[in-house]
Amino acid sequence: MRKLVYFVAATIDGFIAAPDGSWDFMTIHDDVTAFMSTRYPETVPTHVREPLGVEGPNRVFDTVLMGRHTYEPALQAGIISPYAHLQQFVFSRTLPASADPAVQVVADDPRALAEKLKQRPGLDIWLAGGGSLAGQLLPVVDELVVKLNPIVAGAGIPLATTGFDPHRFDLIDATPLDSGVVVLRYGAAAR
């Protein structure tokens, strides 16, 4: 069965973005880009894959799930299909249908769709964010990969927006990078 993997950058205090949704305070260092390009190449947006030398068929993911706020920066930059190398689902009750057939805007329950996608053959499914969507999908997340940035933000959009509902994850591995970012990979504990 395919895994649902929440792959996201976060601060030490658990925020994935500033209160306004921006994340530019979490500088993307060359070592982080190199890590993403080699270990999780599908997480590199299509328009920068070639300049970064990311080539070849998908190895880890073939599908991406995004919330509206995660998708909107691409739209604002005129990019309607930010991950054209993946099947793309955007969860929103307010966005119209996408002009690109590779991007499906979904207003339905994200958990039902994620569970259905996990049953289909293919590579793993990348949950790109944001915090609200991650909170809804947390009960069915199989793996959590956090690029932990050496920053304390103090406030912002949490890694998963949900009421108090603890979910246990077990550490699989930790990869410290020279920039101070530590990539932590967790597997969901037995449910």
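The values are calculated or read from the model by the stated rules, or taken from the named source; none is laboratory data. A quick note: this is a predicted structure, and the numbers were derived from the prediction, not measured. Every residue, glycine among them, receives a Cβ derived from its backbone with ideal geometry; neighbour counts consider all protein chains shown. To get the accessible areas, we keep the full protein, side chains included, count just its heavy atoms, and leave off ligands, DNA and RNA. Shrake-Rupley method; radii C 1.70, N 1.55, O 1.52, S 1.80 Å.
Take the range 1-119 with all the other protein chains still there, run a 1.4 Å probe, and you get 52 Å² of accessible area per residue.
Largest accessible area first, the residues Trp23, Trp126 order themselves as Trp23, Trp126 under a 1.4 Å probe with ligands, DNA and RNA left out. With contacts taken as Cα pairs under 8 Å and at least 6 residues apart, the range 107-191 reaches a relative contact order of 30 percent.
Taking the accessible area of the range 59-134, probe 1.4 Å, and keeping the other protein chains in place, the carbon and sulfur fraction comes to 52%. Distance from the C-alpha centroid of the range 99-169 to that of the range 39-84: 16 Å, rounded to the whole angstrom. Assuming charge only on the beta carbon of Lys and Arg (+1) and of Asp and Glu (-1), the dipole of the range 107-191 about its Cα centre is about 100 debye to the nearest 20.
Packing order of peptides 44-53, 169-178, highest average first: 44-53, 169-178 (average count of other Cβ atoms within 10 Å over each peptide's residues). Taken about its Cα centre, the range 1-138 carries a charge dipole of about 560 debye when Lys and Arg each add +1 at the Cβ and Asp and Glu each add -1 at the Cβ. Its relative contact order, with pairs defined as Cα atoms under 8 Å and 6+ residues apart, puts the range 2-122 at 22 percent. Dipole magnitude for the range 49-105: computed about the Cα centre from +1 point charges on Lys and Arg Cβ and -1 point charges on Asp and Glu Cβ, it is near 180 debye. Here the Debye sum runs over all C-alpha atoms of the chain as equal scatterers in vacuum, and log10 of I(q)/I(0) at q = 0.12, 0.13, 0.20 Å⁻¹ comes out as -0.56, -0.67, -1.83. Listed by chain and number, the lysines whose alpha-carbon sits under 22 Å from that of Lys147, ignoring those within fewer than 8 places in the same chain, are Lys3. Across the range 130-146, coupling constants 3J(HN,Hα) worked out from phi with the 6.51/-1.76/1.60 Karplus curve, θ = phi - 60°, read x, x, 5, 5, 4, x, 5, 9, 3, x, 10, 6, 8, 9, 10, 10, 10 Hz, and Gly and Pro carry x.
Dividing the summed -39500 (n - 2.57) terms of all DSSP H runs of n ≥ 4 by the residue count of the chain sets its mean residue ellipticity at 222 nm at -5500 deg cm²/dmol. With the charge dipole of the chain set up from +1 on Lys and Arg Cβ and -1 on Asp and Glu Cβ about the Cα centre, the Cα lying farthest toward the positive end among the listed residues Pro57, Val182, Phe164 is that of Phe164.
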